[in-house]
Structure formats: C-alpha cells, structure tokens
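Below is one structure; the comments refer to it alone.
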Amino acid sequence: MLIAGNWKMYKTASETVEFCAALRDAELGDVDVVVCPPYTSLHHAVALLAGTSVAVFAQSVHWGFDGAFTGEVSAAMLSELGVTGALVAHSERRQLFAETDETAAMRVEGALDGGLSVIACVGETEAERESGETETVLRRQVEALRAVVDEDHLDRLAVAYEPVWAIGTGRTATPEQADEAHALIKGLLDVPVLYGGSVKPDNAGELLGKQNVDGALVGGASLELDSFLEICRAAFLS
Ligand code: 13P
C-alpha cells in the first residue's frame, strides 16, 4: 500500500518544516508514504524526513537533463536534493497548464531514465464519463505511457487514477467505480494503481479495501497531519 500526499500549491517552507517535524515522529506502520510538497519546500522536507520511511516527491519534472526551459526542473536537479520521485500529468496540469498525453509520456520517460520514481496521473472528466467515454480516455492515457516505459523501469512506476470530477469536490468515485477503472489500467500496464479524488479518513478504508486499489493519492486531506495519518492507518489495516 502506498499513500501519497499531493500538497499542490499549499504550504510555505516554514509550514513544511512544522508539518514534516510532526510527521517524522508519527507511527506509520507498514505503509509506503510519500509527500509531494511544492518545489520551494522540497529541500526542507528532505532534510526533516531523512532517515524515515517517508519519501519526498516533486509535483512535476521536465524530461530533459538541462536546457533553456524557463520554469522547469530536471530529474538530475531533484535527485541531487534527495528527492526520489515525481508526480507527472496531474489533471490540474492537463487542464490548466496544457499538459498532453505526449508531454506526459516525455516527462515519465525522462524521469525514469533519470533514476526517479514516478506516479503518473490519468482520469476522465465528468463529461467524458457521462458520455460513456471513460474506458476510451483511460486507454488512450495509459497507452501513451506504456509506449515509452522501459520494462526495466516498471518497478519505479505507479499510476494514479484520479477522475477529474472527484478532485476537490467531495464526490468520490464509488469503490466499485474505482475498482473497475483500476482493473482496466492494470490490464494495460502492470504497475500499482492508486486512487485519487476526495479521499478522506471516512472513505479511505472502503476504497483501499478493493482488490485493485493499491493505495491513494490524497490532496486536501494530506495537508492536515491528523487526517493524513488516519488515511495511512486505514491503508495499514486494509
Ligand atoms: P483531493 O483529495 O483534494 O480531492 O485532491 C485529489 C488530488 O488531486 C490528488 O492529486
């Protein structure tokens, strides 16, 4: 089980220090835990969580080693900081920052070649689900990744299924909807699949109890230590 907290554009460096100092002392059980702070907090998170089982991931990564790419950060830059992985193609990046299946695939390939682990995000919009296109969309998104991932790197890749209509809305997919989507994704790419979209302490157990759900990518509820720890506990028990 893997529980990853995506902080999005929340927490300054000093807020990160406070959160990670408390997380460092928490009892996490036998669960893989990842936090994904903003770039400006990565150094602080790595320093505070060194020697613990909590890994620190970035929220995106560029595919190149270096170059004239204003605003971007490479796998080598992250690795040197002690960051061990990155999210790629979160739906907010797809919707608000022009991320495409092609750039997502390039980022995934570059990050894996650069030695990072990757959580690659996929998921349909509400309109796509309502018009019966969920399977087509997920196939397209996952096949774009599968086309570039080297077999030898599969052990560092996970996919997060995040239905766009469930992100930040308080509406989760039902455990059955999540399980069905995860089964489809796993049939295309044999990697762990996390569920994301309004995961909270009170629904985590039910979602994580499904056979094809290998963990969660948590947004809002990862920002408060108590709720994040409760979700980690639910993962430990399921
Ligand atoms: P919420 O948990 O706030 O719905 O966010 C989900 C998400 O986008 C995680 O990447």
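Per residue Cα convex hull volume for the range 174-222, in cubic angstrom? It would help to have the intermediate numbers written out before the result.
Values: hull volume 3.1 nm³, N = 49.
Per-residue hull volume (Cα only) is 64 Å³.
For the chain, set up a GNM with springs between Cα atoms under 10 Å and report which of Asp152, Asp30, Asp226 has the largest fluctuation.
Asp152
Report, largest value first, the span of the C-alpha coordinates of the range 161-202 along each principal axis, in whole Å.
29, 19, 15
Given R₀ = 25 Å, what would the calculated FRET efficiency be for Thr52 paired with Met9, taking r from the Cβ atoms and rounding to 0.05?
On the way: r = 25 Å, r/R0 = 0.98.
FRET efficiency, Thr52 to Met9: 0.55.
Would you list, by chain and number, the aspartates and glutamates whose Cα falls below 14 Å from the Cα of Lys8, excluding same-chain residues fewer than 8 positions away?
Those aspartates and glutamates meeting the cut-off are Glu92, Glu224.
What does the net charge come to around Thr40 if you take all other residues with beta carbon closer than 12 Å to its beta carbon, with K and R at +1 and D and E at -1? Kindly include the intermediate steps, with their values, before the conclusion.
Details: positive: Lys11; negative: Glu15.
Charge balance near Thr40 sits at 0.
Only Cα pairs within less than 10 Å get springs; with that Gaussian network setup on the chain, which residue of Ala120, Ala147, Ala75 has the largest fluctuation?
Maximum among the listed residues: Ala147.
Given N residues in the chain, what is its alpha carbon radius of gyration divided by 2.2 N^0.38 Å? Present the calculation step by step, with values, prior to reporting the outcome.
Details: Rg = 16.5 Å, N = 238, 2.2 N^0.38 = 17.6 Å.
So the chain has a normalised radius of gyration of 0.94.
At 1.4 Å probe size, with the rest of the protein present, what percent of the exposed accessible area of the chain is carbon and sulfur atoms?
Carbon and sulfur together cover 51 percent of it.
Net charge near Thr103, counting Lys/Arg +1 and Asp/Glu -1 over other residues with Cβ under 10 Å of its Cβ?
Details: positive: Arg93, Arg94, Arg107; negative: Glu99, Asp101, Glu102.
Computed value for this residue: 0.
Given a 10 angstrom Cα cut-off, can you work out which residue in Ser14, Ser91, Ser198 is the most mobile in a GNM of the chain?
Ser14
Return one whole number: the accessible area per residue of the chain in Å², for a 1.4 Å probe.
Values: 10760 Å² over 238 residues.
Each residue of the chain exposes 45 Å² on average to a 1.4 Å probe.
The values are calculated or read from the model by the stated rules, or taken from the named source; none is laboratory data. Predicted model only: the values in this text are computed from it and were never measured. Positions of Cβ are backbone-derived with ideal geometry, glycine not excepted, and every protein chain shown enters the neighbour counts. Ligands, DNA and RNA are stripped out before the accessible areas are found, and what is left, the full protein with its side chains, is counted by its heavy atoms. Shrake-Rupley method; radii C 1.70, N 1.55, O 1.52, S 1.80 Å.
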